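Engineer: If you scroll down you'll find the structure; I have some questions about it.
The values are calculated or read from the model by the stated rules, or taken from the named source; none is laboratory data. Everything numeric in this text was worked out from a predicted model, so none of it was measured. With ideal geometry, Cβ positions are generated from the backbone for all residues, glycine too; neighbour counts draw on all protein chains shown. With ligands, DNA and RNA removed, areas are computed over all heavy atoms of the protein, side chains included. Shrake-Rupley method; radii C 1.70, N 1.55, O 1.52, S 1.80 Å.
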Amino acid sequence: MPEEPGQVPEEPGRAAAPVFKALSYEDLLSLPPKQWLIEGVIGEGDLGMIYGAPGSGKTFVALDLIIDAIAGNLWADIAATVKPLTVAYCAGEGTGGLRARFEAAVAAKGTSSEALSNLLIFLDIPQLFDGMGRGVNQFINDYKAAHGERQLDLLVIDTLHSATVGAEENSAKDAGKILQATKQ
């Protein structure tokens, strides 16, 4: 009989390990507290999205957050960065103007180039829908090959549209595939 997706195969003479395990309220309370990267904004393992109308400045908000996160500064005058972070920024469009955007953001923040040594910029993005040989696994493998065990704290993909080539934006099925790839 075919197994359901996510089902653990049973070994003869041995009970199958549960796939889903319920936590009691006490178990929930004993979980470790959330580990923030930027207090109250984004924590370890979180997924986040900056969204808005085209031309509304989403990339500039992202660059502002990135620069403060790397420098270990207060972001938007309200959110403390818990430590200087290592950030990878993947640009899926507008790469011709990327240098000018970063230079302007760095100048506006009064940050030195040396303070941004934990910034890694990729002029391509991992595909989150149909990898086309450039999917998330390839990105992870390439990152590890180039940077070893260097911890990556935050991955910024700009834009979702350019990272989901071939996806139907109103399809729940496609959105589920994109979300799964993003969690990876």
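Engineer: Could you look through the range 161-184, keep only residues that are among the polar types (S, T, N, Q) and in a helix (DSSP H, G or I), and pick out the one that is nearest to residue 124 (Cα to Cα)? Lay out the reasoning, then the answer.
Structural biologist: Restricting attention to the range 161-184, the residues satisfying the condition of being among the polar types (S, T, N, Q) are 162, 164, 170-171, 180, 182, 184.
From what's left, in a helix (DSSP H, G or I): 162, 180, 182.
Working: 162: 9, 180: 20, 182: 16 Å.
Among those residues, the one meeting the criterion is 162.
Results for (1) of a type outside the set (A, V, I, L, M); (2) closer than 18 Å to residue 152 by Cα, shown as yes or no for each residue.
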| residue | (1), (2) |
| --- | --- |
| 19 | no, no |
| 23 | no, no |
| 26 | yes, no |
| 29 | no, no |
| 47 | no, yes |
| 54 | yes, no |
| 65 | no, yes |
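Engineer: Give the range 48-65 a look and list any residue that's open to solvent by 90 Å² or more (accessible area, probe 1.4 Å) and either modelled with pLDDT of 95 or more or part of a loop (DSSP other than H, G, I, E, B) (or both), or say none.
Structural biologist: Those that are open to solvent by 90 Å² or more (accessible area, probe 1.4 Å) and either modelled with pLDDT of 95 or more or part of a loop (DSSP other than H, G, I, E, B) (or both): 49, 51, 54.
Engineer: Moving on to the next point. Here are the criteria: (1) free of Cβ contacts under 8 Å to residues at least 40 places away in the same chain; (2) β-branched (Val, Ile, Thr); (3) closer than 16 Å to residue 43 by Cα. Tell me which single one residue 95 does not satisfy.
Structural biologist: The failed condition is (3).
Engineer: So how many residues does the range 74-107 have that are open to solvent by 80 Å² or more (accessible area, probe 1.4 Å) and touching an Asp or Glu at 6+ places or on another chain (Cβ under 8 Å)?
Structural biologist: The qualifying residues number 2.
Engineer: Could I ask something else about it? Within the range 112-146, how many residues turn out to be more than 17 Å from the chain's Cα centre (by Cα) and on the phi < 0 side of the Ramachandran plot?
Structural biologist: 9
Engineer: Something else now. Checking residue 119 against (1) buried (at least 18 other Cβ atoms within 10 Å of the Cβ); (2) touching a Lys or Arg at 6+ places or on another chain (Cβ under 9 Å), which single condition isn't satisfied?
Structural biologist: Failing condition for residue 119: (2).
Engineer: Something else now. What's the number of the only condition in (1) part of a loop (DSSP other than H, G, I, E, B); (2) more than 27 Å from residue 36 (Cα to Cα) that residue 149 fails to meet?
Structural biologist: (2)
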